[in-house]
Amino acid sequence: MGVLLMMGGRVFAQDTHEYVDLGLPSGTLWATCNVGATTPEGYGDYFAWGETKPKSIYNWSTYKYYNGGGDQLTKYCSTFKYGYHGFSDNLTVLQPEDDAATANWGSGWCIPTKEQWEELYKNTDHTWKVWDGVNGMLFRGKNGALLFLPAAGNRWGGLLYYVGSYGIYWSSSLSTDYPSSAWDFYFSSDLYDMGSYGRYYGQSVRAVRSARQN
């Protein structure tokens, strides 16, 4: 098992799940492993956006909030063109009951928003790293704390793709221009950015907690 050196050599724990303070401006605290994993290098479970349990097949026909396809959404729909019979609700961030981090780890944990992902990579040094034999991205905060995200790939249909070469992590933020998709953070050995995937894909979830108490 890999051991990450955290701030002052300490690992903080809450609700049996460990987190690290990277000294980010907002004070957001990042979990040290993926939801469904027990170590920093573990891939964990894969979730469709807005679903809270892993499954064997990831496509529109198995997706919770659809009725006929990507333009027939029944929740989280910012424009009637994508909604079932013209449905829209203007919900743009996952509610707690649809957040895989909250549902699996409890109140206080949630999937990061698009803005929280952007804060992470804009306020840390980060590099492609092999950690205990697992490819991924290592983030170093200005306070010296470390966070590792494994390149766990994603799931489409019944298959796993890009494992070891890409990390693709959901945010809790809807892609409002194309609400059949949601924002994610993706990276490989030579790139990283925010992007969007169809909501039915199975992707990794890394949880965050609210800001530290100063």
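Coordinate-derived values only; no laboratory data. Because the structure is predicted, anything quoted here is derived from the model rather than measured. Neighbour counts are summed over all protein chains in view; Cβ atoms, including those assigned to glycine, are modelled from backbone coordinates with ideal geometry.
Any idea what the dipole of the chain comes to, in debye rounded to 20, about its Cα centre with Lys/Arg Cβ at +1 and Asp/Glu Cβ at -1?
100
Can you spot the lysines whose alpha carbon is less than 28 Å from K64's alpha carbon? Ignore those fewer than 8 places along the same chain.
Within the straight-line limit of under 28 Å, K64 reaches these lysines: K53, K55, K75, K81, K114.
Output the Kirkwood hydrodynamic radius of the range 121-214, Cα pairs only, in Å rounded to one decimal.
Here the Kirkwood hydrodynamic radius works out to 14.3 Å.
What percent of all Cα-Cα pairs in the chain falls into each 10 Å bin, going from 0 up to the bin containing the maximum distance?
Values per bin, smallest distances first: 9, 36, 36, 15, 4, 0.
Grab the DSSP H runs of the chain that are 4 residues or longer, score each as -39,500 (n - 2.57), total them, divide by all residues and round the 222 nm result to the nearest 500 deg cm²/dmol.
-2000 deg cm²/dmol
Treating only the Cβ of Lys, Arg, Asp and Glu as charged (+1, +1, -1, -1), what charge dipole size does the range 29-77 show about its Cα centre? Round to the nearest 20 debye.
In debye, rounded to 20, the range 29-77 gives about 180.
Of the peptides 32-44, 153-165, how do they stack up when ordered by the mean number of other Cβ atoms within 10 Å, highest first?
Descending mean neighbour count gives 32-44, 153-165.
Take every Cα-Cα distance within the range 17-131, group them into 5 Å bins from 0 onward, and report for each bin the whole-number percent of pairs it holds.
2, 10, 15, 19, 19, 15, 10, 7, 3, 0
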